[in-house]
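Here the structure comes first, spelled out in structure tokens, and everything after it is commentary.
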């Protein structure tokens with residue numbers, strides 16, 4: 001087992017932890033954190049697998065894609081946080097209610 | 001190898017801790033620490049450009065954004081209610097088992113991948129001379145895959161439009177009545193010029209070493225965030241058309257170039273002799289727009305314009 005596969009497996013672990021928290025926690029800020037953690041896990045898999053070139057220099061196309069991904073993740077997080085603040089303003093708590101009867 | 005294993009374990013532990021700790025403030029601090037640790041991993045994996053982007057955007061700006069969002073939440077929101085009390089104990093257990101299954105499936109898929117897969121590294125190396133820059137990551141971002149970067153800048157702008165339409169105008173006047181904070185004020189005066197200099201350096205260095213428009217834009221945005229934290233607001237005279245021009249400068253530069261290259265029926269395929277110059281020009285506009293957009297996203301509201309509500 002080389003370090004590339006090791007990091008890729010860690011990435012899978014981080015992704016799964018994030019997915020677990022995303023499903024289980026009702027608070028929206030925690031859900032947003034969980035999505036970001038999932039994204040980090042995914043980036044780790046991509047970059048780790050890019051190291052398998054068999055040469056000292058890794059494959060740089062996935063690296064460029066991950067840089068793009070980090071910026072897109074930031075934009076999505078900013079939009080999600082704005083949505084969360086708005087939901088909290090309307091609902092008085094930063095959670096989505098899954099109770100149909102409470103909806104206006 | 002031992003260091004890598006330790007780092008991996010530490011990452012997993014931090015991820016678990018930040019997702020399960022009851023205090024949201026603590027969770028955000030842990031998230032920033034997680035991002036910094038990720039940056040070390042990127043360096044270990046020979047990805048210094050990604051490390052720069054992670055530190056500046058993934059850890060730094062996202063952390064600041066999360067903090068400011070947490071501050072905007074109503075205080076009576078009990079942070080202690082950390083998982084749904086209504087959920088039966090069976091749900092977490094079933095979920096954990098199912099995710100374990102998914103993770104082992106993914107792990108097995110990774111395990112069975114070939115040990116050596118050159119990917120596109122050969123093609124990048126072969127065409128690097130035509131790209132006009134010698135940092136291969138910049139070459140991929142701005143030349144070979146310029147299309148991705150164009151769309152990415154548009155995504156940033158779209159996110160800002162979404163944020164602006166969700167929240168009402170920023171009501172804080174330009175001279176916010178905050179108690180003068182001498183430390184923050186002095187720090188700001190020292191750091192903001194330095195950050196602008198660092199941004200310019202990262203942009204210039206991006207041509208042949210780690211750096212580039214996104215990292216530079218993020219550093220520029222950090223200067224903006226610092227200014228906003230110190231109570232500075234965009235002068236109302238600048239909040240109208242000048243701000244909008246700054247926001248669209250990058251996308252417009254990109255789209256103009258795309259249209260010009262389309263005249264040769266080759267979308268975003270830069271002419272070899274001018275490629276270096278064009279990339280620098282594109283990156284300058286992109287850095288400026290990215291910096292302003294990221295800082296505006298941090299503010300989270302449309303800044304007040306001259307003439308009241310817009």
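The values are calculated or read from the model by the stated rules, or taken from the named source; none is laboratory data. This one's a predicted model, so the numbers in the text were calculated from it and none came from an experiment. Every residue, glycine as well, gets a Cβ built from its backbone with ideal geometry; the counts of neighbours run over all protein chains shown.
Tabulated data for the structure shown
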| read-out | value |
| --- | --- |
| Any chance residue B:27 is at pLDDT 90 or above, under 16 Å from the mean Cα position of the chain (by Cα) and crowded, with 21+ Cβ neighbours inside 10 Å | no |
| Hey, residue B:180 out of contact with any helix residue (DSSP H, G or I) (no Cβ under 6 Å at 6 or more places or on another chain), loosely packed, with under 11 Cβ neighbours inside 10 Å, at pLDDT below 85 and under 13 Å from residue B:302 (Cα atoms) or not | no |
| Breaking point among (1) at the interface with chain B (Cβ under 7 Å from one of its Cβ atoms); (2) touching a helix residue (DSSP H, G or I) at 6+ places or on another chain (Cβ under 7 Å); (3) farther than 18 Å from residue B:28 by Cβ, for residue A:83 | (3) |
| Residue check, residue A:54 without any contact (Cβ under 8 Å) to a residue 40 or more places away in the chain and buried (at least 21 other Cβ atoms within 10 Å of the Cβ) | no |
| Test for residue B:191: is it modelled with pLDDT of 85 or more, part of a helix (DSSP H, G or I) and surrounded by 15 or more Cβ atoms within 10 Å (Cβ to Cβ) | yes |
| Condition broken by residue A:104, with the remaining ones in (1) more than 14 Å from the chain's Cα centre (by Cα); (2) at pLDDT 90 or above; (3) over 20 Å from residue B:56 (Cβ atoms) satisfied | (2) |
| Residue within the range B:4-14 that is under 15 Å from residue B:70 (Cα atoms), in contact (Cβ under 8 Å) with a residue 24 or more places away in the chain and buried (at least 21 other Cβ atoms within 10 Å of the Cβ) present | no |
